[in-house]
Amino acid sequence: MHLPDDYPEQLADLAGVLFERLRKRDIPHADEIAKEQTEDVRAALGGGLLYIPKGTRYANRLRNEEIWHEHVRKGVTPPQLSQRYGLNIVTIYEILAAERAKQQPALF
């Protein structure tokens, strides 16, 4: 994807991320769409201070739900999950216990 030499670095980074996502999905004209989306963001938010959080809690929630589903639906064992996700076995058991508690209704 080609951008002008004087294009702002942060916008070029954003365009690159969007382009890669579109390209991986084989979206036609991914470069044009990425540029247009980046320009839409620039027009809507340009000039303001924009902080983009990492979303660690959100990402961990998605990961934990995925671990639960792999364990329950696919029968993946805790040691396998530990290796797959790069987490120690105790953490995997804690995640499974917490997810199990969410799934089961309170008895009292």
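Overview of results
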| item | result |
| --- | --- |
| Tabulated pairs, the range 2-19, first within 17 Å of L49 (Cβ to Cβ), second assigned to a loop (DSSP other than H, G, I, E, B), C-beta under 9 angstrom, 6+ apart or interchain | P8/G46; Q10/L50; L11/L3; L11/G46 |
| Which numbered condition H71 misses (of (1) at pLDDT 95 or above; (2) exposed (fewer than 13 other Cβ atoms within 10 Å of the Cβ)) | (2) |
| Filtered residues of the range 74-103 (kept if among the aliphatic types (A, V, I, L, M) and either within 17 Å of A59 (Cβ to Cβ) or outside any helix (DSSP H, G or I) (or both)) | V76, L81, L87, I92, I95, A98 |
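Okay, residues lined up against (1) surrounded by fewer than 12 Cβ atoms within 10 Å (Cβ to Cβ); (2) modelled with pLDDT under 95; (3) part of a helix (DSSP H, G or I):
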site: R21; (1), (2), (3): no, no, yes
site: P28; (1), (2), (3): yes, no, no
site: E36; (1), (2), (3): no, no, yes
site: Y51; (1), (2), (3): yes, yes, no
site: Y58; (1), (2), (3): yes, no, yes
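The values are calculated or read from the model by the stated rules, or taken from the named source; none is laboratory data. This one's a predicted model, so the numbers in the text were calculated from it and none came from an experiment. Neighbour counts are summed over all protein chains in view; Cβ atoms, including those assigned to glycine, are modelled from backbone coordinates with ideal geometry.
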